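Heads up: the structure comes next, in structure tokens.
The values are calculated or read from the model by the stated rules, or taken from the named source; none is laboratory data. For clarity, every value in this text was computed on a predicted model and none was experimentally measured. Positions of Cβ are generated from backbone atoms using ideal geometry, with glycine treated the same way; all protein chains shown enter the neighbour counts.
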Amino acid sequence: MPDTILIVDDEPEIADLVALYLKNEGYTVCTFYSGMDAWNCIQQKTPDLAILDVMLPGMDGFQICRKIREFYRFPVIMLTAKGEEMDKINGLALGADDYITKPFLPLELVARVKAQLRRYKRYNTGAGPEEDVIVHSGLVINVKTHECTLNEKPLSLTPTEFSILRILCQNRGQVVSSEELFHQIWGDEYYHKNNNTITVHIRHLREKMGDSFEEPKYIKTVWGCGYKIEK
């Protein structure tokens, strides 16, 4: 059964164009032009991935993303206006996994959709030769079931947050650069390096884990190098 992609954008020409490209790749596409219609669809038929425009009438993209993360784990890609850096930061902080700036090339968006679905499926259907369960100082990461607990309390993580934490735990005691995190998570050359993206995800992870930036117990920043979790 083909994956279902939900698209919501109040500019029909953009939504319809993206839908056409995704359908040509074999995806089932649900297209909406208002936030409320999109949210109603999500509740009735959970998609495999959502593409949300930030600026929408009624319920905007941020509100939809926030509601999605209350109940679902599927990947979310935000569409942001050119130069609106705060939109990107806000979207990532709310749990979005990726963003793309308008105007964009449809083929680039399709590539990002494929990358997100590939990663999401991998961590929900097994992880090959990697550790199935990672345990570290009260933190338990089950790679097969995509579940994470801290001191026996569940952590609700987005696919990107889960991937970052998994990579850092698998490389305990070693510094992992932002560039290496990008490479391991997205792995596609199209993705332009943006340290700020990783920074926002790290900050959101720390908030969920109750970890201090000044005196972190888990994720430590190594200035000019990257991040690491001590052994």
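Looking at (1) crowded, with 17+ Cβ neighbours inside 10 Å; (2) more than 16 Å from the chain's Cα centre (by Cα); (3) under 21 Å from HIS146 (Cβ atoms), find the lone condition where THR46 falls short.
(1)
Residue under question is GLY138, and the condition is that it be of a type outside the set (Lys, Arg), closer than 24 Å to ARG206 by Cα and either at pLDDT below 85 or under 11 Å from the mean Cα position of the chain (by Cα) (or both); does it hold? Walk me through how you get there before you give the answer.
Details: of a type outside the set (Lys, Arg): yes; closer than 24 Å to ARG206 by Cα: yes; either at pLDDT below 85 or under 11 Å from the mean Cα position of the chain (by Cα) (or both): no.
When the stated conditions are applied, GLY138 does not pass them.
What's the total number of residues in region 55-91 that are in contact with a Lys or Arg (Cβ under 9 Å, 6 or more places away or on another chain) and buried (at least 16 other Cβ atoms within 10 Å of the Cβ)? Talk me through it step by step, then tell me what you get.
Of region 55-91, the ones in contact with a Lys or Arg (Cβ under 9 Å, 6 or more places away or on another chain) are 59, 75-82.
Right, trim to buried (at least 16 other Cβ atoms within 10 Å of the Cβ) and you get 59, 75-80.
Summing the residues that are in contact with a Lys or Arg (Cβ under 9 Å, 6 or more places away or on another chain) and buried (at least 16 other Cβ atoms within 10 Å of the Cβ) in region 55-91 gives 7.
Take the residues of region 30-51 that are in contact with a helix residue (DSSP H, G or I) (Cβ under 8 Å, 6 or more places away or on another chain) and among the β-branched types (Val, Ile, Thr): which is farthest from ALA15 (Cα to Cα)?
ILE42
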